[in-house]
1. How would 57, 22 line up from fewest to most surrounding beta-carbon atoms within 10 angstrom?
2. Taking 7 Å along the Cα-to-C-beta vector as the label spot, tell me the residue 108-residue 149 distance in nanometres, rounded to one decimal.
3. Please report, in cubic angstrom per residue, the volume enclosed by the convex hull of the alpha-carbon atoms of the stretch 42-140.
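Derivation of every value follows stated rules applied to the coordinates shown; laboratory data play no part. As the structure is a computational prediction, the values presented were derived from the model and not from experiment. Note that each Cβ is placed from the backbone with ideal geometry, even for glycine, and that neighbours are counted across all protein chains shown.
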Ligand SMILES: [Zn+2]
């Protein structure tokens, strides 16, 4: 471990900062895979880029920090995005509610807010089931209405 990298700050490099004022990770001891100073530009409130945290002093520690950072990114990328656990259950009481749910879900998928496609497939099947049940209920209503009309016709007019 180099003494100049103590606390993640390369003191001689800081002293030799360019007059332009552009701060780079490599000025503070951040080293790329090939051991060369990292060229990532960093904001005023930081000394290193996210790939080379100041706590990583040796090249091995910096490599380990890089790998950990990449693994976190991979994990986040591979995890499907779902609704929050506290999200309300959809209402499927009317066809209009099912249409409203389909529109909202389509928007979430289009914006990349919902990427759990396996979960979406199950939800679509359940929404379809609810729509079928609404269709059966509508047919039952029609049957009752038809029976009512038939009874009135057979009874010879409206009941008193
Ligand atoms: Zn860096």
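1. Details: 57 17, 22 10.
Neighbour counts put them in this order, fewest first: 22, 57.
2. Output for this residue pair reads 4.2 nm.
3. About 133 Å³ per residue, rounded to a whole number.
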